[in-house]
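Step one of this worksheet: look at the structure below.
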Amino acid sequence: MDFDFIHYKPLKQAQKPKLAILLHGYAVNGYVMGKMAAIMQEVIPALEVMALHANERTPHPKIQPVPKTLAMPHKYIDENGMLKADGQRQWFSVKGPFHTWRGRIRHAAFGMEDFIQKQVENRGINFEDVALCGFSQGGALALYTGFLMKEKLGAAVSHSAPFLGDIKPM
């Protein structure tokens with residue numbers, strides 16, 4: 001699976017490159033992870049960061065203001081400073097009761113595993129050199145992907161995310 005993303009090149013070169021993949025929450029896009037990318041690179045200047053955009057558009061966009069502190073492109077902001085519908089993305093559908101999400105999260109995790117595999121191959125790095133980090137819905141995907149992958153990542157970090165249990169390797 002492929003994803004559009006914002007690429008933050010390392011601030012300095014390293015002998016052993018590391019990659020962080022950032023996953024946004026529900027009804028936003030990868031641009032909201034820009035501050036996190038900057039903080040990570042301030043601490044680890046040799047870190048390459050990718051802030052991904054989920055492929056699915058949110059079916060019922062939320063009316064939400066875009067804080068001026070976010071580096072959100074103007075094409076995603078309407079004349080009232082609100083995030084436009086085409087800038088609102090989801091990693092998996094949240095339709096239905098919470099317990100019904102499990103299959104959709106697992107399906108999204110398969111796609112993320114494929115994406116990570118391609119990044120590892122393209123860069124000539126090991127899975128242990130990759131950190132997958134997410135917030136909210138992206139955090140759920142980071143958790144499930146990290147737990148379910150055949151190869152173990154260097155880190156799977158989740159913040160404010162649902163966890164439904166039922167972790168079995170892919």
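The values are calculated or read from the model by the stated rules, or taken from the named source; none is laboratory data. Please read all numbers here as calculations on a predicted model, not as lab measurements. Quick reminder, even Gly has a Cβ in these numbers, built from the backbone with ideal geometry, and neighbours come from all protein chains shown. Just so you know, the surface numbers come from the protein's heavy atoms only, side chains and all, with ligands and any DNA or RNA stripped out. Shrake-Rupley method; radii C 1.70, N 1.55, O 1.52, S 1.80 Å.
So the values come out like this:
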{"quantity": "Test for Lys62: is it part of a loop (DSSP other than H, G, I, E, B), exposed (fewer than 14 other Cβ atoms within 10 Å of the Cβ) and touching a residue at least 12 places away in the same chain (Cβ under 8 Å)", "calculated": "yes"}
{"quantity": "Residue among Val43, Val49, Val32 that is out of contact with any strand residue (DSSP E or B) (no Cβ under 7 Å at 6 or more places or on another chain) and buried (at least 21 other Cβ atoms within 10 Å of the Cβ)", "calculated": "Val32"}
{"quantity": "Test result for Lys118, within 18 Å of the chain's Cα centre (by Cα) and either closer than 19 Å to Gly154 by Cα or outside any strand (DSSP E or B) (or both)", "calculated": "yes"}
{"quantity": "For Leu22: the one exception among (1) within 16 Å of Leu141 (Cβ to Cβ); (2) in a loop (DSSP other than H, G, I, E, B); (3) of a type in the set (A, V, I, L, M, F, W, C); (4) at pLDDT 95 or above", "calculated": "(2)"}
{"quantity": "Qualifying residue in the stretch 148-167 (condition: on the phi < 0 side of the Ramachandran plot and in a helix (DSSP H, G or I))", "calculated": "yes"}
{"quantity": "Meets criteria (within 19 Å of Asp2 (Cα to Cα) and open to solvent by less than 10 Å² (accessible area, probe 1.4 Å)) for Gly138", "calculated": "yes"}
{"quantity": "Members of the stretch 65-97 that are assigned to a loop (DSSP other than H, G, I, E, B) and either open to solvent by 50 Å² or more (accessible area, probe 1.4 Å) or in contact (Cβ under 8 Å) with a residue 60 or more places away in the chain (or both)", "calculated": "Pro67, Lys68, Thr69, Ala71, Glu79, Asn80, Lys84, Gln88, Trp91, Val94, Lys95, Pro97"}
